[in-house]
Each structure stands twice: as structure tokens, then as C-alpha cells.
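Notes follow once the structure below has been shown.
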Amino acid sequence: MTHHEKKLLVTGLTLGLVLAFVAYAAISLWHPERSATQSHEAPIPKNEAAPDQATSQRAEHEQAQADASVSGIQLNQKEQTDIGVETVEVRRRNLRRTLMTVAKVDEPETQLASISARIGGRIDKLYLDFTGQQVRRGQTIASLYSPEVFSAAEEYRLALENRKRLGRGAEPLAVSGADDLVNASRRRLELWGLTVQQLDEIASSAKPQIELPIYSTISGIVTERRVTQGQYVNAGEVLYTVTDLSTIWVKADVYQPDLPSVHVGQSVEITSDSLPGTSLHGRVGFLDTSINPQTRTASARIQVPNPSMRLRPGMFVQVKFSAPAGHDVLAIPRSAVLDTGMRKIVYVAKSNGEFEGRQVQLGTPGNDYYPVVAGLKEGERIVSQGSFLIDSQTRITGGMTGLFGGSKEFDHSQAQAPDVSQIKFTFRSDPETPRGNSDATLHVGLLDSSGKTVSDAQVKVMFIMPAMPAMGMGEMRAATDLTWKGPDYVGAIKVPTAGSWNVEVNASRNGQLLGSYHARLNAQ
């Protein structure tokens, strides 16, 4: 390229830039709002959302309404009778909650006593030969020979003879000194445990045989023996440990979510397989101030009168805590609630056989009722029995399409595989609170994300009670497979023992996990 050509190229580029700037300035003068938009975002008034933000908020609101909405259905009287529909009025009640757990009987730490030798010597005789033997307060449990006691007895006898030799004509100061010596020698022997009879024998005999008796300071059971006959012991050495079992301790591990239902002074009922047909009562004396990091439990110490030795250390028992769960609160039966795992639904009975599904907010359940936080009003009628069948029919018919005629015909040729990306579970036990060491019937319902019943899954239920190292209990498990019996999966399981069980429900198809559900179940 020649010098002249380069000069023409630079001149052309410069002229182009000038023309572009002039055009931009003209557009800005005629359309200032466009220029402002291009240079920066337009300010948004405080009371108005940006179009994109408003659209997003509206979409979120519509999605929330869709999530909260539940279809309804209309059934005639025969259909209601066939599926066993029962209704109840929503009203205020006083609720109570019962908590069941397994506990271990333990020795009362405040009623342990160690019986020791007051002075060193040789154990000449033992009157308690084995652990478990009962002993009374003040009972002689051993006799000890001590050279030191023998020397002190000789000093006492000599002090008595010296006082006797002084007679009445002696100087008062000498008599006073002799009396003090006698009293000091006698007091020393009394502190070692010699009886009045033994002291009198020392005073009357030239060569007394001194055996120091050792007495029990408590009534109870010998729980430890540390000495044998003929053994030499030192002053303060423990010979026996005695425990008063007239009042016993029962230690129960309470899971963290259940702690609000337990408090000091609360009355507790105690049952055991070794006490058939009877129950004992005690009170919570202490509640741990910290949580065990391994088991997520706190220990509740219960004091129980035990006059007939019906409870013995090491026994396992069932403990029932009963506490108020609400006073004059709006409540509905637990059987009326369908728990999908993500929300709780009840069916409200309207006029002309209509049943409207409604999502509700509920509090911590009592024995038979849920307290209502939001979603229902006092005086409304809800379905207490048959909710699951109504919900299943609603899912099949797609809402109010099956008026008085059941569901629409379903073309199986057009059926598609259910969407199992979000399986919804329902779980219930019959009886609702089973007894330990007895059978319970489990019912599990499965719905896919479109609300259709899943009937071709393999459903397995497992009961798990975590280990309780403080009570020496390992983890306990029980499992069962459920079979489809329409409209849900049904199976029996044996509950190994009373207490609070973690429930895990797994649904799978051809070895692939579809979903899991977790719940808690109390057995009594």
C-alpha cells in the first residue's frame, strides 16, 4: 500500500466515526428515554415492582395456591356408606399426650451406705456372708479384735482402779484429775463402738476379752462384701456396701422432641412383663440438663416406692408419661388427617354430599387429637373415617368430575407409567398405639406426583429403636414387607417392646428406590 492510499484510508475512517457520533446525538435529542434506557436501568418506583419481579412474584403466588389447593369430590349416600365415611364437628377440647419409653431400674444413689472399721484390727467373726442378704439398722455384722482397743481398755481399767485408791480423803485436785482420766478413757472406747455392757465388763474383770462389734448404719440389701473372716483391716477400710431399696430409681431415656412433655414432679406410670396386671406409680425427681450426643436423649430419673421389692436393679420396665397437650384448643381426630410427608390434608364435609380437601397446619398431636393451628374453623364438619378412600377417589377422578357416578372410565391403553419423582406417602398403624411384644397391622399409601395411586411397588417398613448405652441396651430393629391390597399396602409386624420407635418406609420398583418416608410411633 502506497503512502497516498494509507492517507485516504485514515481519512475515510475518521469521517465515518464523525458521522456515527452525529447520528447518535440526533437520536438522543429526539428520543431521550431510549438513551436513558440504553445508558442505565430506569429507576423503579418504591411502590411498584419491576415487570420481571412482578411476574416472578405472581408465578410464585400462583404456584403456592396450586400447592395448597386440594381437589374435592361429591358422593351420594350409598357411596359414603360403602366406604364407611364418618364425620365429626371441629370443636375445642382439652388434650393430653402420652409418651411411652423403655427404662431401666437402678440403685438409688442417695440410699447407699458404706460400713467401715473404725479402728484397725483382725476380723474375728462375720455375720453377713454373702451379697443380697438383708440387714437391719443397728444389726451386728462383724466383730473385730484390735490390740489398740485392748490397750485402751487396760488404760480404762487402770484409771478406774487409780480413782478407787484415792478414796474420799484425797485432795480435790487429785480426785478431779483421776475422774477426768476415767471419763476420757471411757469416751475413747465409746467412740470405737463398745457397748455399755462391754464397758462394765472391763471395769469388773481383771482380764476382759475385748471384741469390738461393728453395726449396720442402714437397713437394706448387702450389695458388696469386701472382707473375709480372719482378715486384717485398717481404720476406715470399707467392709460392706448396703443399699436401701425401699425406694428405687427408674431411669428413662427421653428423646429430644419429647422433652417438653416431661418435667420434674410429673406423675409416671410404670409397667413390666414381670408385673402382670399391676402398675406402679412414681414421680420424676430429676431431668438431665444436657443431651447425650450419641443417642440424642436426656435421662429422666423417677423415684418409685418399692416396699415389697417388686422392682429390682437391672430390670427393664415400660414408663408412661402423661401430660396436658393443650387446654381449650381447637382440635380434630388424628384419624381425620392425611399426612403426605409434605403437607397435612383433611376433607371438610359440605352440603349435598360434597367433600372439600383442605390443607391444614397442625400442632404436636395428643393421644387422639391434633391441635389446629390454621385451616379450619370451629363448627365445621370434617371426615373422621374414610379420608384415605375419599382422597384416593379424588386423585383417580381428578376432582369433581365423578359426581354421583364414581370415577370416569380409564383407558388403560393410554396409561402412562406413573411419575415417581415425588412419591407421597401415608402411614398408619392399627392399633394406633400398639402394645409391646404384640402384633400391629400397618397401612401405607403411595401417590405419584400427579396424584395417582402407585400399586406395583415393593414396600418395606422398618422399626428402629436406637441404642441406649446408658441403659446397656443395643439397637433394636423389626421389619416387614407389605403387600398391595387396595387401596393401600398392608402387612403385620411384631413390635418387640414398648417405647418410642423410629419408622422408616421404603418403596422401590425392580430394585430401584422410589422414595422413603420417616415417622415416629409410640408403643405401650
Notebook entry, point to check: Label-point separation (nm) for SER204 and LYS377, each offset 7 Å from Cα along Cα-to-Cβ?
Noted result: 9.8 nm
Check: Over segment 423-508, what relative contact order in percent results from Cα pairs under 8 Å that are six or more residues apart?
Finding: 35 percent
Checklist line | Residue-count net charge about VAL105 - beta-carbon cut-off 12 Å; Lys, Arg +1, Asp, Glu -1 | finding: +3
Check: What does the convex hull of the alpha-carbon atoms of segment 228-380 project to on average, in nm²?
Finding: 16.2 nm²
Check: How high is the FRET efficiency between ASP180 and SER114 when r is their beta carbon distance and R₀ equals 35 Å, given to the nearest 0.05?
Finding: 0.50
Notebook entry, point to check: For ALA479, what is the net charge nearby, where nearby means another residue's Cβ is under 10 Å from its Cβ and Lys, Arg count +1, Asp, Glu -1?
Noted result: 0
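Roughly to the nearest percent, how much of the accessible area of segment 252-397 is carbon and sulfur, given a 1.4 Å probe? If you can, show how the numbers build up before the last one.
On the way: 3320 of 6860 Å².
Carbon plus sulfur share of accessible area: 48 percent.
So how do 314-324, 249-259 stack up, highest first, on mean other-Cβ count within 10 Å?
249-259, 314-324
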Note to self: Testing the spin-label approximation: label points 7 Å from Cα along Cα→Cβ at ILE464 and ASN76. State their distance in nm.
What the structure shows: 5.0 nm
Check: Which distance in nm do the two modelled labels at MET309 and SER449 give, with both placed 7 Å along the Cα-to-Cβ direction?
Finding: 6.7 nm
Next item on the list: Report the FRET efficiency, 1/(1 + (r/R0)^6), for ARG188 and SER246, where r is their Cβ-Cβ distance and R0 is 41 Å, rounded to 0.05.
Entry: 0.70
Margin query: Suppose the chain between GLN231 and ALA479 were pulled fully straight at 0.36 nm per residue; how much longer would it get relative to their current alpha carbon spacing?
Written below: 83.6 nm
Next item on the list: Return the FRET efficiency for the residue pair VAL238, GLU154: r is the Cβ-Cβ distance, R0 is 25 Å, and the value is rounded to the nearest 0.05.
Entry: 0.30
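Of all chymotrypsin sites (Phe, Trp or Tyr not before Pro) in segment 97-172, which ones are in loop regions per DSSP and have a Cβ with at most 10 other Cβ atoms within 10 Å? Intermediate results must be reported in sequence, preceding the final value.
Details: sites: TYR127, PHE130, TYR145, PHE150, TYR156; in loops: TYR127, PHE130.
Those satisfying the criteria are PHE130.
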Margin query: Highest mean first, how do 371-383, 509-521 rank when packing is the count of other Cβ atoms within 10 Å averaged over residues?
Written below: 371-383, 509-521
Margin query: On a full-extension model of 0.36 nm per residue, what is the gain between THR195 and ARG92, subtracting their alpha-carbon distance, rounded to one decimal in nm?
Written below: 30.0 nm
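The values are calculated or read from the model by the stated rules, or taken from the named source; none is laboratory data. Please read these numbers as outputs of a predicted model, since none were measured by experiment. For neighbour counting, all protein chains shown are included, and Cβ atoms are generated from backbone atoms with ideal geometry for every residue, glycine included. When the accessible area is computed, the model is the full protein with side chains, heavy atoms only, and any ligands, DNA or RNA have been set aside. Shrake-Rupley method; radii C 1.70, N 1.55, O 1.52, S 1.80 Å.
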